[in-house]
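Here's the structure we're looking at; comments come further down.
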Amino acid sequence: MVRIRAAIDDLVPYDGGPGFEEFAHRFGARGIAMLAGNEYPTPPFPEVLDAIAGAATGINRYPDEGTARLREALAETLGITPDCVWPGAGSSENLTTTARALGGQGTSIVYPWPSFAMYPINAVYADAESIMVPLDEAHRVDLGALYGAIRDDTTLVIVCNPNNPTGSYVTRAEIHEFADRVPESVLVLVDEAYGEFVAAEEESSIVPLAVERPNVVVARTFSKIYGLAGLRVGYMVGQAPTLRSLRKAQSPFVVGSLAEVAATTALRFPERVRERFELNRRGVEYLEGALSDRGIRYVPTQANFIWLRLGAGTPGIVQELLEMGTLIRKGTEEWTRVSIGTESENRRFVEDLDLVLRRRRS
Ligand SMILES: Cc1ncc(COP(=O)(O)O)c(C=O)c1O
């Protein structure tokens with residue numbers, strides 16, 4: 001018998017749900033509503049697809065290990081220097097690598113809960129203790145409690161903003177205040193996977209703070225508003241020496257050349273990002289309105305998904321929706337999460353939910 005580390009053997013792996021192709025095939029003509037992954041619901045920009053096709057003949061070569069073109073393009077977009085950018089195979093890879101770099105026996109990682117399912121898994125990979133801090137009553141990340149949970153052995157504290165799965169948001173000023181209090185020996189990681197969807201503040205990103213402080217980093221991704229989830233590319237922003245150290249825990253060549261080309265090209269179209277932002281807000285308004293009309297509680301969202309309360313029986317309702325081809329994310333016993341989809345997917349979700357709830361009442 002091979003001797004797997006006990007902590008890994010006991011781990012419940014990340015649940016990625018069914019793949020798109022497989023799920024679509026199963027439901028054939030009725031079609032599906034894929035509202036479980038918080039991806040962008042429509043294909044990437046046409047110029048991005050052209051760029052990928054154009055670069056495909058070069059994939060017999062290894063990619064550029066330094067991802068110079070992407071770092072330069074991001075630096076220009078964000079108004080920082082390229083050495084303050086560190087790309088990864090999706091921001092979840094940056095998060096895993098960061099945990100690995102800061103973990104080890106006798107360390108702890110503090111993060112809000114419920115939040116992104118990878119945080120506890122990363123703590124196990126990193127051989128660090130997980131300290132989960134409950135959200136406040138409004139389902140927001142409780143920064144006061146997060147600060148209070150930091151111990152002498154804590155090396156990493158994570159703020160997910162907007163928080164997945166609740167869509168709640170803490171302001172930039174609140175995060176600044178929090179970062180001011182956290183000891184310099186603890187890395188503050190602000191996960192802005194959904195940062196481009198925020199409507200609450202014109203400037204919501206912590207990027208400027210991250211380039212100012214050696215113990216603050218921001219993780220962002222091309223998987224969401226840019227619609228490149230299938231390519232796996234994200235990045236972290238921080239001070240160069242901090243990123244250089246974290247990067248030592250990363251495997252080589254994790255960002256493929258097609259991912260780099262796609263992300264670099266996507267950055268040239270900020271007006272399309274703005275359109276997607278607005279389209280998402282329209283979806284949010286529609287779904288929040290439909291939930292209000294039905295007396296269903298939800299957390300007002302700053303992201304591209306909504307955390308809603310279906311009450312006792314929620315897992316069964318989610319399962320019934322899945323059997324109709326409408327896939328939403330499993331949540332808790334009483335709450336669940338639906339991603340904002342296309343207009344027709346959003347409508348389909350509401351219609352299917354009505355059907356399931358009516359069936360259960362009769
Ligand atoms: C909060 C949060 N962070 C990070 C990610 C990782 O995204 P990716 O690895 O696709 O960049 C996700 C994906 O769902 C997320 O919800």
Problem - Value of relative contact order over segment 110-262, rounded to a whole percent, pairs C-alpha under 8 Å and six or more apart - result: 16
Exercise for the section: Identify the GluC sites (Glu not before Pro) of segment 329-362 meeting these criteria: DSSP loop state and at most 14 other C-beta atoms within 10 Å of the C-beta. Expected result: GLU333, GLU334
Completion exercise
The alpha-carbon pair-distance distribution computed for the chain, with 10 angstrom bins and whole-percent values, is 5, 24, 32, 26, 11, 1, 0
Fill in the blank from the handout: Fewest to most Cβ atoms within 10 Å: CYS84, CYS160 sort as CYS84, CYS160
Fill in the blank from the handout: Under the rule rounded for a/c under 1.5, else prolate if a/b exceeds b/c, else oblate, using alpha carbon gyration tensor axes a ≥ b ≥ c, segment 214-358 is classed as prolate
Handout entry: Amide hydrogen neighbours beyond the local backbone of GLY313, cut-off 5 Å, H modeled
Key = none
Practice task
Taking H placed 1.01 Å from N in the peptide plane, check which residues at least 5 places from GLY256 or on another chain put their amide H under 5 Å from its amide H.
Solution key: none
Exercise for the section: State whether segment 124-204 is rounded, prolate or oblate according to the following rule on the C-alpha gyration tensor (a ≥ b ≥ c being the square roots of its eigenvalues): a/c under 1.5 gives rounded; otherwise a/b larger than b/c gives prolate, and the remaining case gives oblate. Expected result: prolate
Exercise for the section: Please turn the phi angles of segment 320-330 into ³J(HN,Hα) values with the Karplus equation 6.51 cos²θ - 1.76 cosθ + 1.60 (θ = phi - 60°), one per residue in order, whole Hz, x for glycine and proline. Expected result: 5, 4, 4, 5, 9, x, 10, 9, 10, 7, 5
Handout entry: Residue-averaged [θ]222 nm for the chain, counting only DSSP H segments that reach four residues, each worth -39500 (n - 2.57)
Key = -12000 deg cm²/dmol
Handout entry: Length-normalised contact order for the chain - Cα pairs under 8 Å, 6+ apart - percent
Key = 23
Handout entry: Around THR221: net Lys/Arg minus Asp/Glu count, Cβ-Cβ under 15 Å
Key = -2
Practice task
Would you kindly derive the ³J(HN,Hα) couplings of segment 42-55 from the backbone phi angles with the Karplus curve 6.51 cos²θ - 1.76 cosθ + 1.60 (θ = phi - 60°), listing them in order in whole Hz, with x for Gly and Pro?
Solution key: 10, x, x, 4, x, 5, 5, 5, 4, 5, 5, 4, x, 8
Completion exercise
Calc'd 3J(HN,Hα), segment 344-349, phi into Karplus 6.51 cos²θ - 1.76 cosθ + 1.60 (θ = phi - 60°), Hz, glycine/Pro = x, comes to 6, 5, 5, 5, 4, 4
Fill in the blank from the handout: For segment 165-293, Rg(Cα) over 2.2 N^0.38 Å is 1.19
Practice task
With only Lys, Arg, Asp and Glu charged, each at its Cβ (+1 for the first two, -1 for the last two), find how big the charge dipole of segment 267-317 is about the Cα centre; round to the nearest 20 debye.
Solution key: 140
Practice task
Mind listing the long-range amide H neighbours of VAL159? Cut-off is under 5 Å, sequence gap 5 or more, other chains count too, H placed in the peptide plane at 1.01 Å from N.
Solution key: LEU189, VAL190, ASP191
Problem - Gaussian network model of the chain, springs between alpha carbon atoms under 10 Å - residue of PRO120, PRO18, PRO82 with greatest fluctuation - result: PRO18
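A short reminder: the numbers here are calculations on the coordinates, not readings from a lab. A quick note: this is a predicted structure, and the numbers were derived from the prediction, not measured. Here the Cβ is made from the backbone with ideal geometry for all residues, glycine too, and neighbour counts use every protein chain on show.
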